[in-house]
Amino acid sequence: MNRTDLKTQLAPFIRIYDFPTDVLVETIARCNLRCIMCPQAKLTRPAGVMSIDLWKKIVDEIAAKSPSTALWPALMGEPFLDEQIFARLEYAKKSGIERVNLNTNLLRFEKDKIEELFDCGLDAMFVGVDGATSETYGKIRFPGRLDVLLDKLFFILNERDRRNLTHPQVSVQFIVMEENEHEEQAFIDFWKNSGVDVDIKIRPRLNWSAGVQTWSKMRGSGRQDRIPCTWLLRQMAIHWNGRVPQCDADWNGATYCGDINKMSIEDVWKKGIRRLQQEHLAGRFDSSGLCPGCNEWMAGLSEKIAAAPKEPQA
């Protein structure tokens, strides 16, 4: 892939924001898979499900103060394990949040929930695939099955087209690593020629602040060209119990900066996280115990490829 200079690419985003541009909310801290590029299986903090009252508090503040902030039910859990996920998404959209995105492995989506999926207002859905063959997919996303995933994904895409809907936009993601890099082009070719309207997202495997091993070609958390982490500068992560880690790469809650049960998003952003942001902008990346060994600051090295849209039916 053509990797542009990261510092040049991300320069417009390396600044202080008054409010996060993206808020990642862990509605559930459980997953049905044990993916090799995710530290979820190593989680030692308590697992649980976010209360609907806390979800509404988060949504209400975003809608009131920054409706353009993107809301992502994501982090250390599969959102379709959350029985309230469609109600949460619908509440967020009806409250006025302009962009609601969902990260999913899709395996726990049930076809009889298709009406809820289309009616909740979800803007975009990012589906983790990471393989062009069943063998590779199964090794990476254990114990998932690629045929089950594709059956559900094509069902959603075909139903969306049949109903002449434009949302949710769907992206299929391929995280490049040793185990699948030989299938990257095959993955791109398959989806470009699939006949369905999806986007293709290619990104390197990073290390979740040393929670997992990174793709060998992306090693170098201490590289001389290191830049301030745009995830830290732009995003806030909120764990299911309302506690706010220093960043989304702080998957196990090593350093908490606030609690949304007691504080506003804005207060945590400006009082709890701001110091670390300012240190990054000053070129100091060693004040946090997580930052020195983390390479999530390289997350901007992703590529989006538009797949060929489905041909209209005669």
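The values are calculated or read from the model by the stated rules, or taken from the named source; none is laboratory data. Fair warning: this is a prediction, and the values are worked out from it, not measured in the lab. Here the Cβ is made from the backbone with ideal geometry for all residues, glycine too, and neighbour counts use every protein chain on show. Remember, those area values only see protein heavy atoms, side chains included, never the ligands or the DNA or RNA. Shrake-Rupley method; radii C 1.70, N 1.55, O 1.52, S 1.80 Å.
Under the condition of being assigned to a helix (DSSP H, G or I) and among the charged types (D, E, K, R), which residue from segment 187-197 is most open to solvent (accessible area, probe 1.4 Å)?
192
When you go through (1) within 24 Å of residue 214 (Cβ to Cβ); (2) open to solvent by 30 Å² or more (accessible area, probe 1.4 Å); (3) part of a loop (DSSP other than H, G, I, E, B) one by one for residue 15, which number turns out not to apply?
In the conditions (1) within 24 Å of residue 214 (Cβ to Cβ); (2) open to solvent by 30 Å² or more (accessible area, probe 1.4 Å); (3) part of a loop (DSSP other than H, G, I, E, B), residue 15 misses (1) alone.
All but one of (1) exposed (fewer than 13 other Cβ atoms within 10 Å of the Cβ); (2) in a loop (DSSP other than H, G, I, E, B) hold for residue 135, so report the exception by its number.
(2)
Could you say whether any residue in segment 56-78 is open to solvent by 60 Å² or more (accessible area, probe 1.4 Å), within 30 Å of residue 181 (Cα to Cα) and touching a residue at least 40 places away in the same chain (Cβ under 8 Å)?
No: zero hits.
Is it fair to say residue 107 is out of contact with any strand residue (DSSP E or B) (no Cβ under 8 Å at 6 or more places or on another chain) and not in a helix (DSSP H, G or I)?
Judged against the criteria, residue 107 is a match.
For segment 160-186: of the residues being over 16 Å from residue 36 (Cβ atoms) and among the acidic types (Asp, Glu), which is surrounded by the fewest Cβ atoms within 10 Å (Cβ to Cβ)?
184
So, in segment 271-302, how many residues would count as being in a helix (DSSP H, G or I) and free of Cβ contacts under 8 Å to residues at least 40 places away in the same chain?
So the answer is 4.
Report whether or not residue 154 is aromatic (Phe, Trp, Tyr), free of Cβ contacts under 8 Å to residues at least 60 places away in the same chain and open to solvent by 40 Å² or more (accessible area, probe 1.4 Å).
The answer is yes for residue 154.
Is it the case that segment 198-218 has a residue that's surrounded by 20 or more Cβ atoms within 10 Å (Cβ to Cβ), assigned to a strand (DSSP E or B), at pLDDT 95 or above and not basic (Lys, Arg)?
Within segment 198-218 (the criterion being surrounded by 20 or more Cβ atoms within 10 Å (Cβ to Cβ), assigned to a strand (DSSP E or B), at pLDDT 95 or above and not basic (Lys, Arg)), the answer is yes, since at least one residue qualifies.
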